Amino acid sequence: MTTTPSALTQDELKTLVGQAALQYVVPGEIVGVGTGSTVNKFIDALATIKDQIKGAVSSSVASTERLKALGIPVLDANDVPALSVYIDGADEIDGQGHMVKGGGAALTREKIVAALAARFVCIADESKLVSALGRFPLPVEVIPMAASHIARRFEALGAQASLRLKKDGEPLVTDNGQHILDVKGLTIADPLAFESDVNQWPGVVTVGVFAHQKASVCLLGTAQGVKTLTY
Ligand code: 5RP
């Protein structure tokens, strides 16, 4: 029995785009690696060509552990002046390549590694494609003592911000030792202006809008197969 694309599960679509991203990996170079369940599929695919690359710069402790477990060398971002490509997932992506990211709490390091790269290749299943950012609760990494103040600033915009908690009810602590606010009810009409504005609020470490570091390419897993969107 053959599997038609329409029969593919979301997990299978993630595997497809993770494998498709290998075409953007430059032999002999270091690749920037994001975080999340879609990127985990990419890391698994990358392991099959690990002898053709120098290694990876990782955006989270979780991705670092997975890369190392598969025998892929992980380099410190401080030792790598530039990358040709950064490959990462997204929680939302719009028609211009602007994204919301941070569902996995790795947004700050993701933005740092993306900033090193000439090209951001987003890998996502089609559920992530939106006409305008704002459906997914916007992650914002904050210094813990500023969380309530920042939440009130979002409330003044008509949104609702809540501190991300772990299963035990304690605040989630990021790889950088900070907290995450998840903000519902935002309309992000101008992603570039919104990112610039919120990023300069005192206590904001990183806002999960990636407009200044938007995608150059999106490999979108759809019922018809992998679509390549360029921006
Ligand atoms: C992590 C991220 C991820 O890229 C985003 O949450 C998408 O994850 P997934 O591939 O698991 O849907 O920004 O901070």
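Quick note: the coordinates plus some simple rules give every number you see, no bench work behind them. From a predicted model like this one, the values you see are computed outputs, not experimental measurements. All Cβ positions, even for glycine, are placed from backbone atoms using ideal geometry, and neighbour counts span all protein chains on display.
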In sequence order, what are the phi-derived ³J(HN,Hα) couplings for the range 91-104 according to the Karplus relation 6.51 cos²θ - 1.76 cosθ + 1.60 with θ = phi - 60°, rounded to whole Hz, with x for glycine and proline? 8, 8, 9, 9, x, 9, x, 6, 10, 10, 9, x, x, x
Stokes-Einstein diffusion coefficient for the chain at 25 °C in a medium of 0.890 mPa s, Rh from the Kirkwood formula over Cα pairs: what value in µm²/s? 137 µm²/s
Karplus-derived 3J(HN,Hα), 6.51/-1.76/1.60, for each residue of the range 26-34, Hz, glycine and proline x: 8, x, x, 10, 9, 10, x, 10, x
Size of charge dipole - the chain - debye, nearest 20, with Cβ of Lys, Arg +1 and Asp, Glu -1, no other charges: 60 debye
Note to self, the chain gives a 222 nm [θ] from helices alone (DSSP H runs n ≥ 4, -39500 (n - 2.57) apiece, / all residues, nearest 500) of -7500 deg cm²/dmol
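With the contact rule set at Cα under 8 Å and sequence spacing of 6 or more, what percent relative contact order holds for the chain?
Once normalised by length, the contact order is 23 percent.
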Whole-angstrom gap from the range 169-189 to the range 122-162, using each part's C-alpha centre: 7 Å
Show which aspartates and glutamates lie in cross-link reach of Lys50 when reach means a straight Cα distance below 14 angstrom and same-chain residues fewer than eight apart are skipped. Glu29
The range 151-231, relative contact order in percent, only Cα pairs under 8 angstrom and at least six apart counted: 17 percent
Report the gain in length on full extension from Gln10 to Lys68: 0.36 nm times residue separation, minus Cα-Cα distance, nm rounded to one decimal. 18.3 nm
Which links in Lys68/Lys167; Lys41/Lys227; Lys54/Lys227; Lys54/Lys101; Lys14/Lys167; Lys14/Lys68 stretch past 23 Å when you go from one Cα to the other? Lys68/Lys167; Lys54/Lys227; Lys54/Lys101; Lys14/Lys167
Debye log10 I(q)/I(0) at q = 0.12, 0.13, 0.25 Å⁻¹ for the range 138-206, Cα point scatterers: -0.29, -0.34, -1.17
Would you mind ranking Val183, Val80, Val17 by Cβ crowding within 10 Å, fewest neighbours first? Val80, Val183, Val17
What does the highest-first list of 83-93, 168-178, 136-146 look like by mean Cβ count within 10 Å? 83-93, 136-146, 168-178
May I ask for log10 I(q)/I(0) of the range 87-207 at q = 0.18 Å⁻¹, from a Debye sum over the Cα atoms as equal point scatterers with solvent left out? -0.97
So between Tyr231 and Lys167, what do we pick up on full extension, going 0.36 nm a residue minus the alpha carbon distance? 19.2 nm
